[in-house]
Amino acid sequence: MIKLLLVEDDEAITAGLEYSLSQEGFKVVTCHNAASAFDKIQSQDFDFAIIDISLPDGNGFDICKRLKEKGDVPVIFLTARDDEGSVVMGLDIGADDYITKPFRLRELHSRIRAVLRRVNKSTEDRIIRIGSLAVNPAEGKVRKNGNEVFLTALEYRLLLTLVTNRGRVLTREQLLQSIWDVSGDFVNDNTLTVYIKRLREKIEDDPQNPTIIKTVRGIGYRV
């Protein structure tokens, strides 16, 4: 599930967006001002953000900068301004798109999908390197010290989820959602433990003392 930060001071707009985005499968965290947005960014990780430029205690540009400092989070700006300066400034600081109020929900959903496609394509095009391990999403191949590591479809999906979220702690529930039914089989919590063990045996120098897939006790795992 994609965790989305929505920053908008108009409660009527946020109510409509919260409902429609939730129906599209997003987990929406809403803030009505810059201060609360900064607090959320400090304490949580997000996969996407929709930010109003004009806020009662600041502007969306600063929120976008803070998000981009923490990670390459896709951002769409909401703005009542249609002047070229605001649009250019927003794009220059790293925003992926903007949409001018008033807007149709269908158009916003289309813009979100377009940004997600670009982000996913960018991720697929680059090789992810972690020490001696190289994951090539475009080819669907994993190499260690230059030698190909043969993984099952479920093992590969699990590893890809972990490495594309490098540095983030992923809960067991999040990992189960990412690999759910990828091989046509039921996947439960015990199965996840088995597959983590198998992955470590294939990619770690010492599976008993892993340096790539680390266990975060009581929560989950982190690369």
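What follows draws every value from the coordinates through simple rules; no lab data is involved. All values derive from a computational prediction rather than experimental measurement. Cβ placement follows ideal geometry from the backbone for every residue including glycine, while neighbour counts extend to all protein chains displayed.
Suppose every K and R has +1 on its Cβ and every D and E has -1 on its Cβ; what is the size of the dipole of the chain about the Cα centre, in Debye to the nearest 20? Walk me through the numbers before you get to the answer.
Details: 32 positive and 34 negative charges, 198 e Å.
Result for the chain is approximately 960 debye, rounded to the nearest 20.
What residues have an amide H closer than 5 Å to that of Val7, excluding those fewer than 5 places away on the same chain, when H is modeled at 1.01 Å from N in the peptide plane?
Under 5 Å from the amide H of Val7 lie the amide H atoms of Cys31, Ile50, Ile51, Asp52, each far enough along the sequence or on another chain.
Sort 44-51, 127-134 by packing, meaning the average of other beta carbons within 10 Å per residue, with the highest value first.
Values: 44-51: 20.4, 127-134: 14.6.
In descending order of packing, they fall as 44-51, 127-134.
Two decimals is fine: what's Rg over Rh for the stretch 3-124, C-alpha atoms, Kirkwood radius as Rh?
Numbers: Rg = 13.1 Å, Rh = 14.3 Å.
In the stretch 3-124, Rg relative to Rh is 0.92.
With the chain treated as a Gaussian network of Cα nodes joined by springs under 10 Å, which of Ala80, Ala153, Ala12 yields the largest mean-square fluctuation?
In this elastic network of the chain, the residue with the biggest mean-square fluctuation among Ala80, Ala153, Ala12 is Ala12.
Could you compute the FRET efficiency for Glu148 and Leu176, with r as their C-beta to C-beta distance and R0 at 25 Å, rounded to 0.05? Please report the intermediate quantities before stating the final value.
Working: r = 27 Å, r/R0 = 1.08.
With a Förster radius of 25 Å, E is 0.40.
Cross-link candidates for Lys144: which lysines have Cα within less than 20 Å, leaving aside residues fewer than 8 places away along the same chain?
Reachable lysines: Lys197, Lys202, Lys214.
Pop a pseudo-label 7 angstrom from the Cα along the beta-carbon direction at both Thr211 and Arg168 and give the gap in nm to one decimal.
Computed distance between label sites Thr211 and Arg168 equals 2.6 nm.
Arg106 versus Asn33, label points 7 Å from Cα toward the beta carbon: distance in nm?
Label-label distance for Arg106 and Asn33, simple model: 3.7 nm.
Of the listed values (1) 1, 6, 10, 11, 13, 12, 12, 11, 8, 6, 3, 2, 1, 1, 1, 1, 1, 0, 0, 0; (2) 1, 6, 13, 16, 16, 14, 11, 10, 7, 4, 2, 0; (3) 1, 7, 15, 20, 22, 18, 11, 5, 1, 0, 0, identify the label whose number matches P(r) over Cα pairs in 5 Å bins from 0, in percent calculated from this model.
Correct label is (2).
Using 1/(1 + (r/R0)^6) with R0 = 41 angstrom and r between the beta carbons of Ile127 and Asn190, what's the FRET efficiency to the nearest 0.05? The partial results should precede the final answer.
Working: r = 33 Å, r/R0 = 0.79.
The calculated FRET efficiency here is 0.80.
Compute from the Cα atoms of the stretch 126-222 the Rg and the Dmax, the latter being the longest Cα-Cα distance, and quote both in angstrom.
Values for the stretch 126-222 (Cα only, Rg and Dmax): 12.6, 34 Å.
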